[in-house]
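Asker: First the structure, which I've put down as structure tokens, then a few questions once you've had a look.
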Ligand code: LRH
Ligand code: MN
Ligand code: MN
């Protein structure tokens, strides 16, 4: 059945001029990092509904993440957030992760949950608070060394609610000062990823509000600083794939936080709202991966695909499985774009022809391809079904309610 469906799919793709061996090879290389905070009792701005069976410790978050990886083969690393995942011994957290077939991914400092940071962390007008915040950034480099992590992933809630509340240019200088201190502490194989967000929790100005600000900071800091694009962090209607193409071309796209949004930074299951946007992001990335310029290809190869979602009503492990699978589906579809066809249409200024060549790939049903990939990797054909029918969910119920928040 799988073989028959795949044979037909192969025939159709060959007719479109697609080399499926290459497509399969790229699909097998896809890796998506899941966030520890997506397994805990997280939420949005409102009530956090406590769920039964939620991990009580960072170690248990790793165990849940290991399920997602075991069933999908796609998620071998887990991003951590400090202090949400603070432990006495990071070496132990690392070896626990490794014993589960995982590794620890990006280390995310948290500078938005301490009362001291009400008016800003690294951009606070009080030098003592700025020092405290910068020290936390430095501490995260030490943690990353222990966990074997490459990336320090930075998001700042810093901003103001009213005109005049803060000195915007002074705050810009303080931001740079802190980032520079952090940058100097990075070891050569580390990177810092600078995330931006247009608004929230600050509603008048945010110190790093868009990709241009993050990019300019990265440029001033040096080659180990890159930009992180969180798909939910733009104004409505922003062309995110354009930003992606631009940053790749400037060799400063370090990674993604994937999530879906309808209104603002909604942190919903990836691909649940606008899967075409996700497809178009991958279309840009895959097109750049075929560039003649080796440094562009290297940038693409180093992009960290991470999920940043939080669940206030969803079951956490299934929600993560759904996101990871949705990323894989859109990635697979984007691999089916015939770039030569798009370029030929561009060359003859065939607007509709070019659009059609891109959209055609999106409209392909990639189920036979994904089934074949999973069968070849001895994975369940339907990972979600396998999880829901398996015994893990039942087994974790003994954890009870009141697990770790975030
Ligand atoms: C807040 C946020 C941000 C960070 C995450 C930890 O907006 O979602 O995207 O990366 O919290
Ligand atoms: Mn994010
Ligand atoms: Mn966010």
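The values are calculated or read from the model by the stated rules, or taken from the named source; none is laboratory data. Just so it is clear, the structure is predicted and the values come from calculations on it, not from any experiment. Positions of Cβ are backbone-derived with ideal geometry, glycine not excepted, and every protein chain shown enters the neighbour counts.
Asker: All but one of (1) more than 16 Å from ligand 3 (Cβ to nearest atom); (2) more than 22 Å from residue 141 (Cα to Cα) hold for residue 199, so report the exception by its number.
Answerer: For residue 199, the failing item is (1).
Asker: So which of 354, 304 is surrounded by 21 or more Cβ atoms within 10 Å (Cβ to Cβ) and modelled with pLDDT of 95 or more? Let's see the steps before the verdict.
Answerer: Working: 354 fails: surrounded by 21 or more Cβ atoms within 10 Å (Cβ to Cβ).
Going through 354, 304 in turn, the sole match is 304.
Asker: Would you mind finding the one in 326, 312 that is within 14 Å of the chain's Cα centre (by Cα), surrounded by fewer than 22 Cβ atoms within 10 Å (Cβ to Cβ) and touching a residue at least 40 places away in the same chain (Cβ under 8 Å)?
Answerer: Selected residue: 326, the only one of 326, 312 that is within 14 Å of the chain's Cα centre (by Cα), surrounded by fewer than 22 Cβ atoms within 10 Å (Cβ to Cβ) and touching a residue at least 40 places away in the same chain (Cβ under 8 Å).
Asker: Still on this structure: Identify the residue in the range 331-349 that is exposed (fewer than 14 other Cβ atoms within 10 Å of the Cβ) and not in a helix (DSSP H, G or I) and, among all such residues, is nearest to the chain's Cα centre (by Cα). Working first, answer last.
Answerer: At the first step, the residues of the range 331-349 found to be exposed (fewer than 14 other Cβ atoms within 10 Å of the Cβ) are 340, 343, 346-349.
Right, trim to not in a helix (DSSP H, G or I) and you get 348-349.
Details: 348: 37, 349: 35 Å.
Applying the filter and picking the extreme gives 349.
Asker: Residue by residue through the range 1-41, note down the ones that are touching a strand residue (DSSP E or B) at 6+ places or on another chain (Cβ under 7 Å) and under 16 Å from residue 316 (Cα atoms).
Answerer: Within the range 1-41, 33, 34, 35, 36, 37, 38, 40, 41 qualify.
Asker: Being surrounded by fewer than 21 Cβ atoms within 10 Å (Cβ to Cβ) and farther than 21 Å from residue 199 by Cα is the filter here, so list the residues in the range 253-273 that pass it.
Answerer: The answer is 272, and nothing else.
Asker: Is it the case that residue 328 is at pLDDT 95 or above, away from ligand 2 (no atom under 16 Å from the Cβ) and not in a helix (DSSP H, G or I)? Lay out the reasoning, then the answer.
Answerer: Details: at pLDDT 95 or above: yes; away from ligand 2 (no atom under 16 Å from the Cβ): yes; not in a helix (DSSP H, G or I): no.
When the stated conditions are applied, residue 328 does not pass them.
Asker: If I ask for residues that are within 20 Å of residue 134 (Cβ to Cβ) and within 14 Å of ligand 1 (Cβ to nearest atom), which ones from the range 198-235 would you list?
Answerer: Within the range 198-235, 202, 206, 207, 208, 214, 228 meet the criteria.
Asker: Give me the residue from the range 350-365 that is more than 27 Å from the chain's Cα centre (by Cα) and part of a helix (DSSP H, G or I) and, out of that set, nearest to residue 19 (Cα to Cα).
Answerer: Of the residues in the range 350-365, the ones more than 27 Å from the chain's Cα centre (by Cα) are 350-357.
Narrowing further to those that are part of a helix (DSSP H, G or I): 351-357.
Details: 351: 25, 352: 24, 353: 21, 354: 20, 355: 21, 356: 19, 357: 16 Å.
Applying the filter and picking the extreme gives 357.
Asker: Could I ask something else about it? Take the range 118-143 and flag every residue that is out of contact with any helix residue (DSSP H, G or I) (no Cβ under 9 Å at 6 or more places or on another chain) and touching a residue at least 24 places away in the same chain (Cβ under 8 Å).
Answerer: Matches in the range 118-143: 136, 139.
Conditions (1) away from ligand 2 (no atom under 16 Å from the Cβ); (2) modelled with pLDDT of 95 or more; (3) more than 21 Å from the chain's Cα centre (by Cα); (4) farther than 30 Å from residue 277 by Cα, marked per residue:
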| site | (1), (2), (3), (4) |
| --- | --- |
| 143 | yes, yes, no, yes |
| 154 | no, yes, no, no |
| 180 | yes, yes, yes, yes |
| 201 | no, yes, no, no |
| 207 | no, yes, yes, no |
| 224 | yes, yes, no, no |
| 236 | yes, yes, no, no |
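Asker: Restricted to the range 110-164, and to residues that are touching a strand residue (DSSP E or B) at 6+ places or on another chain (Cβ under 6 Å) and over 30 Å from residue 95 (Cβ atoms), which residue is nearest to ligand 3 (Cβ to nearest atom)?
Answerer: This residue is 159.
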